[in-house]
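Colleague: Got a structure for you, questions after.
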Amino acid sequence: MTDDVRPTLARVREASLACTLATLTAVEGGGPRPVGTQMVFAPNPGKGGFVAGYFSGGCVESDVADHAYACLADGAPRTLVYGEGSPWPDIQLLCGARIEIFLERVAPDDRALEELLAAYRDRRPVVWVSDGVARECAEDLSPWPEAQVVRRYEPTPRLIVVGGDPTALAIAQLGAQSELETTLVRPKGPPQGPPIPGLGYSRAEPAEAFAAIGVDPWTSIAIATHDLETDRAALRAALPSAAAYVGLLGARRRIADRLAPLRAEGAPESAFAKLRAPIGLDIGGKAPWEVAVSVIGEIMALRYARGSGSTSTTLPASAA
């Protein structure tokens, strides 16, 4: 179910294995996955091997796997076509789309792979350019006329949730399940965090916790504490930060009370531009899971609107 193959590439490299990296390079007719989607295939004798990602949810994956292992054996890159013009007319996507998938063999000591994984660890955006035989990975690359793959990788989206009630826990759990690098911040909370797989935990005050976790342009902060002073402390640290999204839980009529002291302290109006208050898309529900869905939905809507340059996504205005 993963959309990010970098963790699997890291495990494959740690095992000193070569792999086939498959990249979706063209989609016609509204396919189920966007251009740039990837899969990884690497056998590991006696241990089941590595497979990550998907292209169609079952229409083409088994055939792609056969070609991927052939690519791994002979090292020759190839392009697979499914749908109109395909040499395998019996393999069709149920949606009727036409897709092209490029396969390349990547050795464990490949320098581009090393840089990709270093950037992944360091939270740096990079571009992967490959013709199937030679490849480069760097923060800025000149276009290759012969390139078959030009794929931009950004740091894993990060989510910090401040709070400890059922709503905060629901936001944190759904964030972790949605492949956001999620940390729950609960000042002076219990020594152990909630048993949610993949969830980080901090008992520090918001400013200290944010500094330890690291806030960058790929970070979203959801403030859901029901405590006025903690809300203000979290806002004081979050609004001037590099976070792309800051959301505040609470009734609309109470938002002004939370923001007034910050304005009195001289916080510039530009600092409030990223604030979404009340937090989340307006889907009408107020139960913990309903709020969580609205928050994660809002974060994703903003991310994809920015990535596409779209201005058509209508989201709640910041509190005045």
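Colleague: Please report, in debye to the nearest 20, how large the charge dipole of the chain is about its Cα centre when each Lys and Arg carries +1 at its beta carbon and each Asp and Glu carries -1 there.
Modeller: The dipole of the chain has a size of about 1120 debye.
Colleague: Another question, then. Helix 228-238 versus the longest principal axis of the chain: what is the Cα-based angle in degrees, 0 to 90, to the nearest 10?
Modeller: 50 degrees
Colleague: Can you give me the distance in nm between label points at E179 and A256, each placed 7 Å from the Cα along the Cα-to-Cβ direction?
Modeller: Modelled inter-label distance: 4.3 nm.
Colleague: Compute the relative contact order of the chain as a whole-number percentage, counting only Cα pairs closer than 8 Å that sit 6 or more residues apart in sequence.
Modeller: For the chain, the relative contact order is 11 percent.
Colleague: Turning to a different aspect of this structure: Using Cα atoms only, what is the angle between the long axis of helix 61-74 and the major principal axis of the chain, expressed in degrees (0 to 90) to the nearest 10?
Modeller: Rounded to the nearest ten degrees, it is 60.
Colleague: In the neighborhood of A251, defined by Cβ-to-Cβ distances under 13 Å, what is the net charge if each Lys or Arg adds +1 and each Asp or Glu adds -1?
Modeller: Charge balance near A251 sits at +3.
Colleague: May I ask for the equivalent-ellipsoid semi-axes of the stretch 13-90, computed as the square root of five times each C-alpha gyration tensor eigenvalue and listed largest first in whole Å?
Modeller: Computed over the stretch 13-90, the values are 24, 13, 11 Å.
Colleague: Hey, which aspartates and glutamates would be in cross-link range of K188, C-alpha to C-alpha under 19 Å, not counting anything within fewer than 8 residues on its own chain?
Modeller: D165, E205, E208, D227, E229, D231
Colleague: Select from A244, A68, A76 the residue whose mean-square fluctuation is largest in a Gaussian network model of the chain (Cα-Cα springs shorter than 10 Å).
Modeller: A76
Colleague: Continuing with the same structure: I need two numbers for the stretch 47-206: Rg to one decimal and Dmax as a whole number, Cα atoms only, in Å.
Modeller: Reported Rg and Dmax, both Å: 20.9, 63.
Colleague: In addition: Given charges of +1 on the Cβ of Lys and Arg and -1 on the Cβ of Asp and Glu, with all other atoms neutral, how large is the dipole of the stretch 73-213 about its Cα centre, in debye to the nearest 20?
Modeller: The dipole of the stretch 73-213 has a size of about 600 debye.
Colleague: I'd like the distance separating the alpha-carbon centroids of the stretch 21-62 and the stretch 134-150, in whole Å.
Modeller: If we compute the Cα centre of each part, the gap is 21 Å.
Colleague: Here is a follow-up. With everything on Cα atoms, drop me the angle between helix 111-122 and the longest principal axis of the chain, reported from 0 to 90° to the nearest 10.
Modeller: 10 degrees
Colleague: How large is the dipole of the stretch 134-227 about the Cα centre if only Lys and Arg carry +1 and Asp and Glu carry -1, each at its Cβ, rounded to the nearest 20 debye?
Modeller: The dipole of the stretch 134-227 has a size of about 300 debye.
Colleague: Net charge near Y69: determine it from the other residues with C-beta under 13 Å of the C-beta of Y69, scoring Lys and Arg +1 and Asp and Glu -1.
Modeller: Surrounding charge for Y69 is -2.
Colleague: Along the Cα-to-Cβ line of R78, 7 Å from the Cα, sits a label point; which residues in the stretch 129-151 have backbone N less than 19 Å from it?
Modeller: 131-134, 148-149
Colleague: Please work out the FRET efficiency for the pair D227 and D63, using the Cβ-Cβ distance as r and a Förster radius of 56 Å; give the result to the nearest 0.05.
Modeller: Efficiency, from the Cβ-Cβ distance: 0.55.
Colleague: Also: I'd like the antiparallel share, as a percent to the nearest 5, of DSSP beta bridges with both residues in the chain.
Modeller: 60 percent
The numbers here are math on the coordinates, done by the rules we state, and not lab data. Since this is a predicted model, take the numbers as computed values, not measurements. Positions of Cβ are generated from backbone atoms using ideal geometry, with glycine treated the same way; all protein chains shown enter the neighbour counts.
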